[in-house]
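Notes for the one structure printed next.
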Amino acid sequence: MKVLVAEDDIASGKFMEKLLSKYGEVVLARDGIAAVDEFVNAVNNNEGFDLVCMDIMMPKIDGYKALASIRDAERKLGLARDSRCKVVMISALDEGFDSNYASDDYEEYMCKPIDIMKFDEIIKKLGLVG
């Protein structure tokens, strides 16, 4: 499995990287623009991501806009809805998440601090691991 973690907080990024490295390769992006760039570059090199963990509050562009750009890139590439990457939106503010703004472009939402057991359950539920 290949995972993109979009997280501007260094400690949270390292935590997510350590948590997800047991599943495969983890690429860390420190802002929304870097996340979109990493995603597009990977897809263009036929090395797309299976999972994107997207922090909502990030510099340059927020997680909502980064997610919209990622989904737009997938549509432009002609990827079918069932073959696009899975997305988990993450925020430090539970009441700050607007599911209407993210539309149906994500699969799951988690609030920080990340519960490791719950996150593992989500990975399994998404069919990314057995």
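For the chain, what is the mean residue ellipticity at 222 nm derived from helices alone (per DSSP H run of n ≥ 4: -39500 (n - 2.57); sum divided by total residues; nearest 500 deg cm²/dmol)?
Theoretical 222 nm ellipticity from helices: -11500 deg cm²/dmol.
Counting just the Cα atoms, what span does the chain cover along each of its three principal axes? Round to the nearest Å and put the largest first.
Extents along the principal axes: 35, 32, 25 Å.
What percent do you get for the relative contact order of the stretch 1-126 when only Cα pairs under 8 Å and 6+ apart count?
Result for the stretch 1-126 is 22 percent.
Can you give me the long-range amide H partners of Lys2? Hydrogens built in the peptide plane at 1.01 Å from N, cutoff under 5 Å, separation of 5 or more residues or another chain.
Asp50, Leu51
Could you give each residue of the stretch 67-76 its phi-based ³J(HN,Hα) in whole Hz, using Karplus coefficients 6.51, -1.76, 1.60 with θ = phi - 60°, and x for Gly or Pro?
Calculated HN-Hα couplings, in order: 4, 4, 5, 5, 5, 5, 4, 5, 5, 5 Hz.
What is the dipole size for the chain, taken about its Cα centre, with +1 at each Lys and Arg Cβ and -1 at each Asp and Glu Cβ, in debye to the nearest 20?
Working: 17 positive and 25 negative charges, 68 e Å.
Approximately 320 debye in magnitude.
Since every read-out is calculated from the coordinates, none of them should be taken as a lab result. None of the values given here were measured: they were computed from a predicted structure. Virtual Cβ from ideal backbone geometry, glycine too; neighbours counted across all protein chains shown.
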